[in-house]
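Asker: Would you mind keeping the following structure in view while I ask a few things?
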Amino acid sequence: MDNQTIGKSPKFIDNKWLLPIILATVTLLTSGLLMFSHAITADKIAAIETANKLDSLRRLIPNEMIDNNILNDSLDIYEPLLLGHRQKEVLYLGKKNNSITVMAVPVTARNGYSGDIELLVGIQIDAQRNGKITAVEIISHKETPGLGDLIEARKSDWLLQFPGTSLQQPIEKNWRVKKDLGAFDQITAATITPRAVVAAIKQALLFQQSFMLNQTTTVESKS
């Protein structure tokens with residue numbers, strides 16, 4: 001036996017490979033943790049948005065207007081042109097004596113200052129099938145804190161100007177902010193965001209009008 005090998009441990013890994021292996025292992029573990037963290041964060045965000053939506057429904061569809069379960073009476077809709085949808089959304093229908101009395105319309109304002117603004121618009125339906133706003137809820141947005149985010153009900157009363165409005169009051173051409181010679185207040189130093197929301201609410205009313213017209217046509221064709 002060579003005397004030089006006595007008392008020395010076997011050399012399993014050449015030192016020149018040791019650092020790359022350690023770096024590769026750390027990188028793999030870090031990537032895995034980031035992916036896991038992203039999955040958990042995405043799930044949490046989705047759960048929060050769902051909870052916000054259900055909470056909003058209670059304000060959009062008052063109990064005295066319905067005698068049905070709105071979660072059961074819902075429809076999947078996809079209206080990218082009229083309502084700005086980027087994916088399938090849920091339309092909630094409130095009924096009384098089996099007639100639609102109110103609905104919560106999901107609409108996406110794609111032209112917000114910082115991206116999409118997701119809304120739910122409550123619309124009461126009268127005997128002539130005309131629609132009137134019950135309430136408007138902002139579900140999600142990325143607007144500027146202190147400016148565009150004042151569209152949120154918890155941060156200002158800006159949304160309170162919409163309940164009771166319709167395509168008749170104000171008339172359709174006046175569904176704009178006052179800066180654009182319309183009927184609705186804007187937010188100081190943040191015109192783009194209110195402009196997008198006002199237009200989106202108008203689109204929800206136009207959808208309701210079209211939806212109820214289609215319902216009437218369907219009923220008449222069956223009779």
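Asker: Select from segment 155-173 the residues that are in contact with a strand residue (DSSP E or B) (Cβ under 8 Å, 6 or more places away or on another chain) and among the aliphatic types (A, V, I, L, M) and write down the one among them that is surrounded by the most Cβ atoms within 10 Å (Cβ to Cβ).
Answerer: Going through the qualifying residues, I end up with 159.
Asker: Residue check: is residue 133 touching a residue at least 60 places away in the same chain (Cβ under 8 Å) and in contact with a Pro (Cβ under 7 Å, 6 or more places away or on another chain)? Before the answer, list the steps.
Answerer: Details: touching a residue at least 60 places away in the same chain (Cβ under 8 Å): yes; in contact with a Pro (Cβ under 7 Å, 6 or more places away or on another chain): yes.
Criteria met by residue 133.
Asker: Considering only residues that are part of a strand (DSSP E or B) and over 14 Å from the mean Cα position of the chain (by Cα), which ones fall in segment 93-120?
Answerer: Filtering segment 93-120 down to residues part of a strand (DSSP E or B) leaves 93-96, 99-112, 115-120.
Listed by number, the residues that qualify are 93, 94, 95, 96, 99, 100, 101, 102, 103.
Asker: Looking at (1) within 30 Å of residue 96 (Cβ to Cβ); (2) modelled with pLDDT of 95 or more, which one does residue 196 not meet, given that it meets all the others?
Answerer: Unmet condition: (1).
Asker: Taking residue 210 and the conditions (1) part of a helix (DSSP H, G or I); (2) small (Gly, Ala, Ser); (3) touching a strand residue (DSSP E or B) at 6+ places or on another chain (Cβ under 7 Å), which numbered condition does it fall short on, given that it satisfies the others?
Answerer: Of (1) part of a helix (DSSP H, G or I); (2) small (Gly, Ala, Ser); (3) touching a strand residue (DSSP E or B) at 6+ places or on another chain (Cβ under 7 Å), only one is false for residue 210: (3).
Asker: Among the numbered conditions (1) in contact with a strand residue (DSSP E or B) (Cβ under 9 Å, 6 or more places away or on another chain); (2) modelled with pLDDT under 95, tell me where residue 83 comes up short.
Answerer: So residue 83 meets the others, but not (2).
Asker: Ok, one more. In segment 71-102, what residues are within 17 Å of residue 137 (Cα to Cα) and of a type outside the set (D, E, K, R)?
Answerer: 83, 84, 85, 90, 91, 92, 93, 94, 102
Asker: A further question follows. Residues that are under 30 Å from residue 131 (Cα atoms), assigned to a helix (DSSP H, G or I) and at pLDDT 75 or above: does segment 18-34 have at least one? Break it down stepwise before answering.
Answerer: Our first condition is that a residue be under 30 Å from residue 131 (Cα atoms); within segment 18-34, this holds for none.
No: segment 18-34 contains no residue that is under 30 Å from residue 131 (Cα atoms), assigned to a helix (DSSP H, G or I) and at pLDDT 75 or above.
Asker: Can you name the residue in segment 174-201 that is free of Cβ contacts under 8 Å to residues at least 24 places away in the same chain, touching a Ser or Thr at 6+ places or on another chain (Cβ under 9 Å) and outside any helix (DSSP H, G or I) and, of all such residues, is surrounded by the fewest Cβ atoms within 10 Å (Cβ to Cβ)?
Answerer: 183
The values are calculated or read from the model by the stated rules, or taken from the named source; none is laboratory data. Note that the structure is predicted; figures quoted are calculated from it, not measured. Heads up, the Cβs are rebuilt from the backbone with ideal geometry, glycines too, and the neighbour counts pull from every protein chain shown.
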